[in-house]
1. Would a scan of the stretch 21-41 turn up a residue that is of a type in the set (S, T, N, Q) and over 15 Å from the mean Cα position of the chain (by Cα)?
2. Within the stretch 42-77, restricting attention to residues that are under 12 Å from the mean Cα position of the chain (by Cα) and under 30 Å from Y10 (Cα atoms), which residue is modelled with the lowest pLDDT?
3. Can you pull out the residues in the stretch 32-63 that are closer than 21 Å to H4 by Cβ and either touching a residue at least 40 places away in the same chain (Cβ under 8 Å) or not in a helix (DSSP H, G or I) (or both)?
Amino acid sequence: MPNHLHLFVYSKNSKNSKNTINKIFGNLKRFLAYEIVRRLKKSGRNDLLELLNNAVSQSVKKKGKLHEIFMTSAVIK
């Protein structure tokens, strides 16, 4: 499927490290989100920027978030 990626990641010292896997992936996703928005703006894709903006909830918009790039994982019960 071309719309997502699966990775296996192992960190030998993840318990004692300042950069846990969660922090590393959080920073990666943050960087990717800013880069995606930058490229969409550069290419004039206001239609996609508007869709990403509409995906942000009103309560989160009040905190300053402008675009929702990544979907949250669904919890299966």
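The values are calculated or read from the model by the stated rules, or taken from the named source; none is laboratory data. All values derive from a computational prediction rather than experimental measurement. Glycine also receives a Cβ, built like all others from the backbone with ideal geometry; neighbour counts cover every protein chain displayed.
1. Looking through the stretch 21-41, none of the residues is of a type in the set (S, T, N, Q) and over 15 Å from the mean Cα position of the chain (by Cα).
2. S73
3. Start the filter on the stretch 32-63 by keeping residues that are closer than 21 Å to H4 by Cβ, which leaves 32-37, 39-40, 45, 48, 51-52, 55-56.
Hits for the stretch 32-63 are R45, A55, V56.
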